[in-house]
């Protein structure tokens with residue numbers, strides 16, 4: 001018997017996405033803002049369903065789908081991230097985009113895909129979930145059809161992403177040919193036997209190279225990152241937030257389960273490669289970010305550097321480093337959502353996104369400037385904010401695993417990042433604005449920022465509940 005109660009949140013999201021899509025056909029234009037409220041309610045209910053059904057666990061379709069504490073953690077995290085994106089989209093969509101039903105339904109489908117990536121127990125399910133997410137993002141990136149930058153970003157993203165997907169699928173085919181199964185557990189057993197008897201074969205090396213390239217593109221790790229700044233700048237800002245925060249979190253949800261399960265027997269072989277990618281990602285991301293003058297491009301290179309930090313946890317993969325990765329995903333996500341919420345609000349009010357345009361923001365919108373400052377300081381890893389605690393936890397886990405050299409490089413890069421974050425703060429608090437008029441802040445924006453800021457500060461001063469949650473999620477992965 002197939003126990004569909006295991007995937008109740010996913011079924012609810014899928015049905016709701018179709019309801020939002022069809023509902024757009026029957027609502028008059030002046031009432032279509034209600035679609036955002038419906039989508040937000042759906043995401044809240046998805047979290048409630050996930051929490052209430054957290055004790056319903058097991059396997060579906062012979063292990064193709066795994067429902068455990070790890071899945072439950074992301075069933076809660078992804079809808080919350082998407083909810084923040086929906087709330088920051090309300091005014092942006094109303095002012096600048098057409099067809100809100102399709103927009104919000106795509107966010108729901110993307111959320112469904114991200115959960116699928118976290119709960120996949122074999123490579124075909126993981127690939128289908130990843131491609132569903134990609135298809136949603138292809139459309140969302142180019143959703144502002146009247147904006148040439150959005151069209152350009154969508155074209156670049158779909159071409160490069162399709163190429164990366166082909167590499168990933170080719171790598172999976174090599175892996176299937178070697179192991180004779182698509183199951184993570186079966187692949188791990190086959191690789192362990194292969195390594196013991198024959199050592200590292202050429203086919204396995206090719207599989208690891210292709211899979212690393214394919215997944216490296218999905219999380220925007222160097223040298224697979226070149227699409228990131230152009231897509232971040234051209235896409236609608238809320239969509240950029242979805243890519244930067246939720247999509248990357250989904251990528252690492254897949255990476256953790258895949259590497260801890262299927263590729264555990266070859267950890268020594270791929271660990272050094274991941275370490276090199278981590279160093280290059282955090283270094284190039286931070287150094288190039290210094291040269292940026294557009295806020296979206298700055299946040300793009302900032303996200304690349306954050307990927308470098310997260311990859312540290314995969315170099316010496318154990319329960320401590322895996323917990324640190326999930327904790328940093330949560331803290332980074334909250335901080336980055338605040339930054340994008342501020343950028344979206346400012347763009348809605350002024351239509352500008354250059355860093356120089358933020359001059360004197362503290363005089364024109366004090367709360368907005370304060371929120372952006374907190375977000376940037378958290379991303380830099382300053383005390384009392386989420387970024388400090390999550391980076392400290394991550395760097396400590398890496399140091400305890402014998403990666404002191406990698407931690408030293410990461411700390412140095414964190415200091416470098418503080419420079420370009422402070423440049424934005426300097427514009428807001430020291431530079432004089434060209435326009436002295438006050439900027440009215442919508443109540444929805446203020447309320448959302450207050451909740452997100454509370455999360456950033458709470459994780460920074462009292463991370464125990466989140467630490468407990470991530471440790472419980474990682475425990476089921478069977479890491480030492």
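What shape does the range 1-259 have by the C-alpha gyration tensor, where a ≥ b ≥ c are the square roots of the eigenvalues, rounded means a/c under 1.5, and otherwise prolate means a/b greater than b/c and oblate the rest? Intermediate values should be presented prior to the final figure.
Numbers: a/c = 2.69, a/b = 1.42, b/c = 1.89.
Judged from the Cα gyration tensor, the range 1-259 comes out oblate (a/c at least 1.5, b/c at or above a/b).
Does the range 61-111 classify as rounded, prolate or oblate by the C-alpha gyration tensor (a ≥ b ≥ c root eigenvalues; a/c under 1.5 gives rounded; else a/b over b/c gives prolate, otherwise oblate)? List each step's numbers first, then the result.
Details: a/c = 7.16, a/b = 2.29, b/c = 3.13.
Oblate.
State whether the range 369-428 is rounded, prolate or oblate according to the following rule on the C-alpha gyration tensor (a ≥ b ≥ c being the square roots of its eigenvalues): a/c under 1.5 gives rounded; otherwise a/b larger than b/c gives prolate, and the remaining case gives oblate. Working shown, then result.
Numbers: a/c = 5.44, a/b = 2.01, b/c = 2.70.
Oblate shape, in that a/c is at least 1.5 and b/c is the bigger or equal ratio.
Which value at 222 nm does the chain reach when only helices count, each DSSP H run of 4 or more adding -39,500 (n - 2.57), with the total divided by all residues and rounded to the nearest 500 deg cm²/dmol?
On the way: 20 runs with 362 residues, N = 480.
Rounded to the nearest 500, the figure is -25500 deg cm²/dmol.
What are the extents of the Cα atoms of the chain along their three principal axes, in Å, largest first?
Principal-axis extents of the chain (Cα, largest first): 73, 54, 42 Å.
To test your reading of the geometry: what angle, between 0 and 90 degrees and rounded to tens, separates the Cα axis of helix 443-461 from the longest principal axis of the chain?
Roughly 50 degrees, rounded to the nearest 10.
Give me the distance in nm between label points sitting 7 Å out from Cα along the Cα-to-Cβ direction at residue 98 and residue 443, one decimal.
Rounded to a tenth, the inter-label distance reads 3.2 nm.
Quick one: give the max-minus-min coordinate of the C-alpha atoms of the range 136-190 along each principal axis, largest first, in Å.
For the range 136-190, the Cα extents along the three principal axes come out at 52, 16, 10 Å.
Hey, what did the chain get for relative contact order, percent, Cα under 8 Å, at least 6 apart? Walk me through the numbers before you get to the answer.
Values: 757 pairs, mean separation 72.7, N = 480.
Rounded, it is 15 percent for the chain.
Nearest 10 degrees is fine. How inclined is helix 366-380 to the longest principal axis of the chain, computing both from alpha carbons?
Taking Cα atoms only, the helix is inclined about 20 degrees.
If you fit an axis through the alpha-carbon atoms of helix 295-315 and take the longest principal axis of the Cα set of the chain, what angle between them do you get, 0 to 90°, nearest 10?
Helix 295-315 sits roughly 20 degrees off the main axis of the chain.
For a footprinting-style exposure proxy, rank 459, 272 by other Cβ within 10 Å, fewest first.
Details: 459 25, 272 10.
By the 10 Å Cβ count, ascending, the order reads 272, 459.
Write down the Kirkwood hydrodynamic radius of the range 203-282, to one decimal in angstroms, obtained as one divided by the mean of 1/r over all alpha carbon pairs. Before the final figure, lay out the partial values.
Working: mean 1/r = 0.0735 Å⁻¹.
This gives a value of 13.6 Å.
Just so you know, all these numbers are worked out from the coordinates, no wet-lab data involved. Keep in mind that this is a model prediction, so the values were computed, not measured. Cβ atoms come from the backbone with ideal geometry, glycine included; neighbour counts cover every protein chain shown.
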